[in-house]
1. Residue by residue through region 36-64, note down the ones that are in contact with a strand residue (DSSP E or B) (Cβ under 8 Å, 6 or more places away or on another chain) and either without any contact (Cβ under 8 Å) to a residue 12 or more places away in the chain or not hydrophobic (A, V, I, L, M, F, W, C) (or both).
2. Which number in (1) in a strand (DSSP E or B); (2) open to solvent by 40 Å² or more (accessible area, probe 1.4 Å); (3) not aromatic (Phe, Trp, Tyr) marks the one condition that Val49 misses?
3. Got at least one residue in region 76-94 being without any contact (Cβ under 8 Å) to a residue 60 or more places away in the chain, of a type outside the set (Ser, Thr, Tyr) and either closer than 26 Å to Ile175 by Cα or in contact with an Asp or Glu (Cβ under 6 Å, 6 or more places away or on another chain) (or both)?
4. Assuming Pro102 fulfils every condition listed in (1) within 19 Å of the chain's Cα centre (by Cα); (2) open to solvent by 30 Å² or more (accessible area, probe 1.4 Å) apart from one, which condition is it?
5. Looking for whichever is open to solvent by 20 Å² or more (accessible area, probe 1.4 Å), modelled with pLDDT under 90 and either outside any helix (DSSP H, G or I) or hydroxyl-bearing (Ser, Thr, Tyr) (or both) here; the options are Asp86, Asp82, Asp28. Which one fits?
6. Select from region 158-172 the residues that are touching a helix residue (DSSP H, G or I) at 6+ places or on another chain (Cβ under 7 Å), hydrophobic (A, V, I, L, M, F, W, C) and open to solvent by less than 10 Å² (accessible area, probe 1.4 Å) and list them in ascending order.
Amino acid sequence: MRILLVEDDGALSLGISRAFEREGWRVDVLGDGQQAMAEGLAAQYDVAVLDLGLPRRDGMEVLRHWRSRGARLPVLLLTARDELHDRVQGLNAGADDYLTKPFDVAELVARLRALKRRADGRIDEVITVGELTLDLANRELTHRGERVRMSPREIALTQLLMQRVGRVVPKESIIGTLSSWEADFSENSVEVYVHRLRKRFAELGVVIKTVRGFGYVLEAAAPEATGAAAAPPGAG
């Protein structure tokens, strides 16, 4: 998930960013409303976290600007204002959710997951492809109930592919997902990670197919293909 965080408190934005990165999310941070006016329209974000008390342009003004220009990304407001009028005003201006400061970062993470699920048209916390099951809340992959040990990068890539099972995932999307760990993440890096997952999935009943010039597709393996993969060399 790629997130735009607009927060002028440096210590708070640093703490939030680190929490997001631990989730495997990519975070872009801005410190004032003027910058956010254009950035929220120019880049492809899955969700925005927007503080109301910003320098140069108030968060409410930023939100109204985004919505008036057709930006549909889910927006969660952060505010120190606890009056009902302020919350209602924010929701009426196009916000999807809000949190009042101070807040628990774990709650913020959970709310963003919920916003992304709603935006994707999903309501569950579990994705199943063939005999693989990915628990989004715990970021845990299992095969026939047995945990499959994976690095955070591998889990992030697996989630991206499983959420779009049967559809092409462009290389650009994979770069955007994994570049939060490596600033110079490239197409060659994508190929390395896909190759690594493809080898691991070969015995788990799913396949990653390459669509040349576009990206990759995750699919459940056909029963005969799974059986063939499990057969010893020379069998049959």
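The values are calculated or read from the model by the stated rules, or taken from the named source; none is laboratory data. Quick caveat, the model's predicted, so the values are computed rather than measured. Here the Cβ is made from the backbone with ideal geometry for all residues, glycine too, and neighbour counts use every protein chain on show. Ligands, DNA and RNA are stripped out before the accessible areas are found, and what is left, the full protein with its side chains, is counted by its heavy atoms. Shrake-Rupley method; radii C 1.70, N 1.55, O 1.52, S 1.80 Å.
1. Glu39, Gly40, Gln44, Tyr45, Asp46, Asp51, Gly53, Gly59
2. Against the list (1) in a strand (DSSP E or B); (2) open to solvent by 40 Å² or more (accessible area, probe 1.4 Å); (3) not aromatic (Phe, Trp, Tyr), Val49 comes up short only on (2).
3. Restricting attention to region 76-94, the residues satisfying the condition of being without any contact (Cβ under 8 Å) to a residue 60 or more places away in the chain are 76-77, 79-94.
Those left that are additionally of a type outside the set (Ser, Thr, Tyr): 76-77, 80-94.
Pick out the ones that are also either closer than 26 Å to Ile175 by Cα or in contact with an Asp or Glu (Cβ under 6 Å, 6 or more places away or on another chain) (or both) and you get 76.
Yes: region 76-94 contains one or more residues that are without any contact (Cβ under 8 Å) to a residue 60 or more places away in the chain, of a type outside the set (Ser, Thr, Tyr) and either closer than 26 Å to Ile175 by Cα or in contact with an Asp or Glu (Cβ under 6 Å, 6 or more places away or on another chain) (or both).
4. (1)
5. On the way: Asp86 fails: either outside any helix (DSSP H, G or I) or hydroxyl-bearing (Ser, Thr, Tyr) (or both); Asp28 fails: modelled with pLDDT under 90.
Going through Asp86, Asp82, Asp28 in turn, the sole match is Asp82.
6. The one that is touching a helix residue (DSSP H, G or I) at 6+ places or on another chain (Cβ under 7 Å), hydrophobic (A, V, I, L, M, F, W, C) and open to solvent by less than 10 Å² (accessible area, probe 1.4 Å): Val169.
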